[in-house]
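Everything below concerns the one structure shown next.
The values are calculated or read from the model by the stated rules, or taken from the named source; none is laboratory data. Remember, predicted model here, so these are calculated numbers, not experimental data. Here the Cβ positions follow ideal geometry from the backbone for every residue, glycine too, while neighbour counts run over all protein chains shown.
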Amino acid sequence: MIDLPDPSQPGPGEALVRTHRMGICGTDLSGYLGKMPFFSYPRIPGHELGLEVLAVGDRVTNVKVGDKCSLEPYVNDPDSVTSKKGHSNCCPGVQVLGVHTDGGLRGEWVCPARKLHIGNQLSYDQLALVETLAIGYHAVVRADPQPGETILVIGAGPIGLACLEFLKLRNITIIVMDMVESRLQFCHDKLDIPHQVVFTPDGSHLAEIEKITGGELANVVIDATGNARSMSTCFEYAAFTGRVVYVGITTENLSFPHASVLHRRELTLLASRNALPADFGNIIELIAEGKIDTDVWVTDRLAFEDVPTDFAAFTDTSRGTVKAIIDVS
């Protein structure tokens, strides 16, 4: 814990906000462990946030005092060519709050008002979940699954689960694969995913995928593991003319068979980074309509004053946490 000076009043285009809830993300945990390539230190983390607007600066029209908001933490340069093309999520100079610059694990602070998305009908817990869900939402949009297709999601951590939430809204067949059976049980019990496959080191899981798909394999493979070995081998689960989407991140170089798999099957490889502004509004609307059940997500809570002593416990993946929420204020 450190004491910070009182925040300044918001300038033009800015808002003074209070953090009520923060979701603990895999990015936060990787940053804590020194394994997140985009982190710089020292850093105040926090990009999955449920916020209250306390004051607004000049020229702010999208939010007002008292609004409850989710934060789109990807601060892009609106004048860059990439942003002007509508891809603010991967602007070359994008700065992610809580990663490249300080985030929301603090009481009151100033942020760009244009990055706030109103969700007055949602709870602060729900608003803190929107960014995690947005990563999965954007990956599903990139995958563009069509009615009747089969989609395989590899990795049943929070990002994989976020993908599953939005795949469920489409007329498709969904398979989820993980090496942790308790995660697959969660997918069955809480998300009603019909097909779960346990990854096995001997490769026998491939036969299970072939059985489910009638030998055709998956039209779309979404790899949410961030594991280099998985990301190098996931092509073998893709059907001819299928798409492979990387939403997990690795710092390692990847290698995969080109002629025998990627080229022969004419596969398409896609990366999915962050999310777009419209994704946040769409997700807030889906939660408000009851199409996304957020109650199953929050499995752990942590008081703000207990963060220094208890945060490290969430680096243990065996504890079964889906999403931990910090009650900041």
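In the range 1-26, the residues that are under 22 Å from Asp300 (Cβ atoms) reach residues that are in a loop (DSSP other than H, G, I, E, B) and of a type in the set (S, T, N, Q) with C-beta atoms within less than 9 angstrom, at least six apart or across chains, in these pairs: Thr19/Ser329; His20/Ser329; Arg21/Ser123; Arg21/Ser329; Ile24/Thr321. The single condition among (1) part of a loop (DSSP other than H, G, I, E, B); (2) surrounded by fewer than 18 Cβ atoms within 10 Å (Cβ to Cβ) that Ile292 does not meet is (2).
Which residue out of Leu262, Leu302, Leu269 is more than 23 Å from Val140 (Cβ to Cβ) and of a type in the set (A, V, I, L, M)? Show your work before the answer.
Working: Leu262 fails: more than 23 Å from Val140 (Cβ to Cβ); Leu269 fails: more than 23 Å from Val140 (Cβ to Cβ).
Being more than 23 Å from Val140 (Cβ to Cβ) and of a type in the set (A, V, I, L, M) holds for just one of Leu262, Leu302, Leu269, which is Leu302.
Residue by residue, here is whether (1) under 21 Å from Cys234 (Cβ atoms); (2) at pLDDT 95 or above holds:
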| residue | (1), (2) |
| --- | --- |
| Asp102 | no, yes |
| Trp109 | no, yes |
| Arg114 | no, yes |
| His117 | no, yes |
| Ala134 | no, yes |
| Gly157 | yes, no |
| Gln196 | yes, yes |
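Filter the range 242-257 for residues that are in a loop (DSSP other than H, G, I, E, B) and out of contact with any helix residue (DSSP H, G or I) (no Cβ under 6 Å at 6 or more places or on another chain); which is farthest from Ser272 (Cα to Cα)? By that ranking, first place goes to Pro257.
Among what's in the range 209-268 and is among the small types (Gly, Ala, Ser) and within 22 Å of the chain's Cα centre (by Cα), pick the residue that is nearest to Leu152 (Cα to Cα).
The extreme case among them is Ala224.
Could you please find all residues in the range 215-241 being on the phi > 0 side of the Ramachandran plot, touching a residue at least 24 places away in the same chain (Cβ under 8 Å) and not in a strand (DSSP E or B)? Once the filter is applied, which keeps residues that are on the phi > 0 side of the Ramachandran plot, touching a residue at least 24 places away in the same chain (Cβ under 8 Å) and not in a strand (DSSP E or B), the range 215-241 yields Leu217, Gly226. Every condition in (1) surrounded by fewer than 17 Cβ atoms within 10 Å (Cβ to Cβ); (2) modelled with pLDDT of 95 or more; (3) under 23 Å from Tyr32 (Cβ atoms) is met by Leu262 except one, and the failing one is (3).
All of Ser272, Ser255 fail the test of being surrounded by 11 or more Cβ atoms within 10 Å (Cβ to Cβ) and hydroxyl-bearing (Ser, Thr, Tyr), apart from Ser272.
More than 30 Å from Val65 (Cα to Cα), part of a loop (DSSP other than H, G, I, E, B) and touching a strand residue (DSSP E or B) at 6+ places or on another chain (Cβ under 6 Å) - does that describe any residue in the range 111-131? Show your work before the answer.
Taking the range 111-131 as the starting set, the residues that turn out to be more than 30 Å from Val65 (Cα to Cα) are none.
No, that holds for no residue.
With respect to the conditions (1) free of Cβ contacts under 8 Å to residues at least 40 places away in the same chain; (2) assigned to a helix (DSSP H, G or I); (3) of a type in the set (Asp, Glu), Glu165 falls short on a single one, namely (1).
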